[in-house]
Amino acid sequence: MRRIIPFLPWLFASFSQALTLHPAQAGPGEPVVAVVNGAVNCEGLRVFIGSRKAPADSITCDSRIGQSRIGFALPESPKLEAAPGLQVVSILQKDQRPPDQPGTPNFAVLPPRKAYLLLRQDRQGNFDFNGEVIQGLSNLIKATNPPKGFEYLTSVQRAYITAKLNQSKLIPQLPPLDFTPELNPGLSLPQIREYLERGSQRNSAHLISPPSQVFVNRAAPTAAFKSQVSGYNNQVCGKDLYVLDRVAAESLPIGAVLEYIRLRLPAKLLTAPDTMGVPPASSEPSRMPSGTSSFQTVLSATGWSGSASTLNGAGVRVFILDTLDGKGNDSAAGATFLGHGRWINEIIKVFAGGTETFAVQVCSGRECQADRVVTALCDIGALSAAAPRIPHLINFSMAATNDNPILRGALQDVMNAGVAVVAAFGNNDRCLQAALRPSDFCNALPADLTSDNTFRKPKLGALYSVGAAQQNNAATLRVQRGERLPGNTAYPWGSATVTRPSISAPGSYIWDGTTYQGTSFATPVVTAALALWAQKHTDCVGRWPTFTPGQTFLNIETLLQAPCPQ
């Protein structure tokens, strides 16, 4: 590495805030360049992605008075991979380590061995992925003067991208898909259920390439509808969605490809990793009072009395995006929580038995298909737009590790149709399984969007994240994401989170002698409580109450007194 006069050590501690990274997201093994203003001390330089070190032999340093460039690659070994999602890249000297309280995330670690979503931004003819993306990127890296956003390409990056593109296989052209939902306010419940069920049929009907070489293995046009917010145009709903399978994604320099699409083709294509998952169970023993009915204790703890006991959620539609389908079949046999979606449906029915509930199966075991989540969101948005006088709620007891612009767009579309989305904050198991440390962010989307300033808050609808409390008091369950785990000698710390829950509710139950606990099961309590609120405030359809993040434990009587937001 090139040496210069030693630089003050404290400057390195601020590098995570002062540097820019190109590309801004990358997968395991992919080279990245960090651009830092001013000269740096190259001797003994180390690069951390969260708590994980970049391989020492991948680090290069070009120190200049005006602007320095530090190259590194993400660790590639499965045991050393950086935690997925938003993380902090820190450039430090050899005797420094990342702080236990990381700063603002400045980089996104793309998940290995995952499929990717491709959203057509227009429907004009076929989209030539190989010509528009692969060949376009190939031409760009050969350019003497690359365009803005790619001017920092290093020789290492150029060689890596070239080698990957030479190995990549042809991806079929993406044709426009033909689908127009026919919805009206008078749809019967069986008709709505039939409409929602057709999603999986549509996905399986559009294989784009021969079975022996399926690189786009699912395709689905999303439902179009007119927003209830004047001047707002849907970002995702009404457009065509494809799934680029794992084999095709692994053969690409995925960070460079996503950066190229984002900067050069934003009007044509939107991309995102498929990383949805059901928050699974915790093995921590329950702290519930012995001999006490789960529901009886929760009803008491959340202030279920007075006007709450006279309401049942009648006239409100609740959609459960989970492992349960409309016929009562639950696909969670491989998950830690058997019957994950079935028990969520049960909780909602206990608290708000008069609601019209619709189960939409978007998950199987612990895996949830992001394309099915997005198409389901657009379906519900279309249903809400067709019946704007009926309150619509979505229970979302799952999470993604990576930020997902397609999911972001679909959420904003459906919220602008007046729908409230109630999402699980996430459990600590996702942090522990990845052996995350205090300097790693443990991400869970869409819950983390509740405090994201780049996520535009709509005038209608709402997005809530729900934390898990003890069954009979407001104390946070230790299984909640970010909580420390005393007694766990391997990983006693809590990983960093970028937000706190919008509200918390009891998240611990016993059914058939088995303890079910976590944010998955706190979420339907809040969903049901909001259904009661919507039933009471019939003049407030599409507008929802607000909570103070990290400070509110659900009290249903207090919630019911909350006025309609203006």
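The values are calculated or read from the model by the stated rules, or taken from the named source; none is laboratory data. All values reported here derive from a predicted model rather than from experimental measurement. Using ideal geometry, Cβ is built from the backbone for each residue, glycine included, and neighbour counts are taken over all protein chains shown. These accessible areas exclude ligands, DNA and RNA; they are computed on the full protein's heavy atoms, side chains included. Shrake-Rupley method; radii C 1.70, N 1.55, O 1.52, S 1.80 Å.
Extension gain, TRP511-GLN191: 0.36 nm per intervening residue step, less the Cα-Cα distance, totals 112.0 nm. Candidate cross-link partners of LYS164 among the aspartates and glutamates, defined by an alpha-carbon separation under 18 Å and a same-chain spacing of 8 or more, comprise GLU30, GLU76, GLU132, ASP245, GLU250, GLU259.
Here the label points at GLN551 and GLN296, each 7 Å from Cα along the C-beta direction, are separated by 3.6 nm in the simple model.
Listed by chain and number, the lysines placed with their C-alpha closer than 25 angstrom to that of LYS169 are LYS114, LYS142, LYS268; residues fewer than eight positions away on the same chain are left out.
Each residue of region 221-233 is assigned a 3J(HN,Hα), and the resulting list reads x, 8, 5, 9, 7, 8, 5, 7, 9, 4, x, 9, 10 Hz, derived from the Karplus form 6.51 cos²θ - 1.76 cosθ + 1.60 (θ = phi - 60°), x at Gly and Pro. Compared with the direct C-alpha span, the chain from VAL350 to ARG158 gains 63.2 nm at full extension, assuming 0.36 nm per residue. Taking amide H as placed 1.01 Å from N in the peptide plane, SER364 has its amide H under 5 Å from the amide H of GLN369, each at least 5 places away in sequence or on another chain.
Here the label points at ASP539 and ASP95, each 7 Å from Cα along the C-beta direction, are separated by 7.0 nm in the simple model.
Semi-axes of the equivalent ellipsoid of region 54-212 are 42, 24, 16 Å, computed as sqrt(5λ) over the eigenvalues of the C-alpha gyration tensor in descending order. Using the Stokes-Einstein relation with a Kirkwood hydrodynamic radius computed over Cα pairs, the translational diffusion coefficient of region 421-476 at 10 °C and a viscosity of 1.306 mPa s comes to 120 µm²/s. Applied to region 86-95, the Karplus parametrisation 6.51 cos²θ - 1.76 cosθ + 1.60 on θ = phi - 60° returns per-residue 3J(HN,Hα) values of 5, 9, 10, 8, 10, 10, 10, 7, 4, 9 Hz, with x for Gly and Pro.
In this structure region 34-189 gives 48 Å² per residue of accessible area when probed at 1.4 Å with all protein chains present. Per-residue Karplus couplings for region 165-174, computed as 6.51 cos²θ - 1.76 cosθ + 1.60 with θ equal to phi - 60°, are listed in order as 5, 5, 8, 5, 9, 5, 10, x, 5, 9 Hz, Gly and Pro entered as x.
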